[in-house]
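Working notes for the structure below.
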Amino acid sequence: MIKFTSSEVRDLLIAFFVISLCFALANGGRDTNAVLTILPYIMVGVGLGFILHELGHKFVSMKYGYWAEFKLWPQGLIFALVTSFFGFVFAAPGAVYTYANYMTDEINGKISIAGPIVNIVLALVFLAIATSVYPSAFTSSDALLVFIICATGYSVNSFLAVFNLLPIGNLDGSKVLTWNFGIWIVTIAVAGILTAASMTIGVENIVRLILGM
């Protein structure tokens, strides 16, 4: 059973809101109305992506019998806010800390890769839903809203996956690479392709290609 402390729930909620705001600012710029308009959509994509990413780490850690707890990194949140004004987000709001006297590289790698895999799966789920509702988006405002939310979810989660898989510092990628180079290269390649497609082709064009439109 996964257990949470009150401070952990507080830190998750703070990180969830601030990171959502950062992505809204990065996409909406200095247009307050635009930021407020897209914030709810960003919160769905980032909310699921961020919370489930961290829960992925926590679940796998506790599966191996370790205690794991998310802790906020205030400096990371401030840096994320600063970078968002330049049109991108360097997201490092905190991390799940696993408490263990000893841990092999394999277990550490499996715990670390759980978060990015969650983001990759979510990105593909969002893309699948976006594809299924797209034909109706031309005639239904509800379908259009679902498409926009799912398009945002795809873009955000693919980005979160590739960012966390970078083999830099204490990011997940460093631990996965130490454990298994092959698994690391496959997962970062998949995440990179999803992210590149989102940034270059655009989600709507990806969907149209899938549908043959």
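The values are calculated or read from the model by the stated rules, or taken from the named source; none is laboratory data. Keep in mind that what you see is a predicted model, and the values were worked out from it rather than measured. Quick reminder, even Gly has a Cβ in these numbers, built from the backbone with ideal geometry, and neighbours come from all protein chains shown. All accessible areas refer to the heavy atoms of the entire protein, side chains included, with ligands and DNA or RNA removed. Shrake-Rupley method; radii C 1.70, N 1.55, O 1.52, S 1.80 Å.
The table below lists the values:
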{"quantity": "Residue match in the range 161-170 (condition: loosely packed, with under 15 Cβ neighbours inside 10 Å, outside any loop (DSSP other than H, G, I, E, B) and of a type in the set (Gly, Ala, Ser))", "calculated": "no"}
{"quantity": "All positions within the range 35-75 that are open to solvent by 50 Å² or more (accessible area, probe 1.4 Å) and not hydrophobic (A, V, I, L, M, F, W, C)", "calculated": "THR37, PRO40, TYR41, LYS63, TYR64, GLY65, LYS71, PRO74, GLN75"}
{"quantity": "Subset of the range 131-158 [modelled with pLDDT under 90 and surrounded by 24 or more Cβ atoms within 10 Å (Cβ to Cβ)]", "calculated": "THR152, VAL156"}
{"quantity": "Counted residues, the range 55-96 - those being in contact with an Asp or Glu (Cβ under 6 Å, 6 or more places away or on another chain) and among the aromatic types (Phe, Trp, Tyr)", "calculated": "1"}
{"quantity": "Single condition ASN119 does not satisfy, out of (1) under 18 Å from PHE159 (Cβ atoms); (2) open to solvent by 60 Å² or more (accessible area, probe 1.4 Å); (3) of a type in the set (S, T, N, Q)", "calculated": "(2)"}
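Condition check ((1) touching a helix residue (DSSP H, G or I) at 6+ places or on another chain (Cβ under 6 Å); (2) polar (S, T, N, Q); (3) within 22 Å of LEU72 (Cα to Cα); (4) open to solvent by less than 70 Å² (accessible area, probe 1.4 Å)) across all residues:
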residue	(1), (2), (3), (4)
ILE111	yes, no, yes, yes
LEU124	no, no, no, no
ILE129	yes, no, no, yes
GLY173	no, no, yes, yes
GLY202	no, no, no, yes
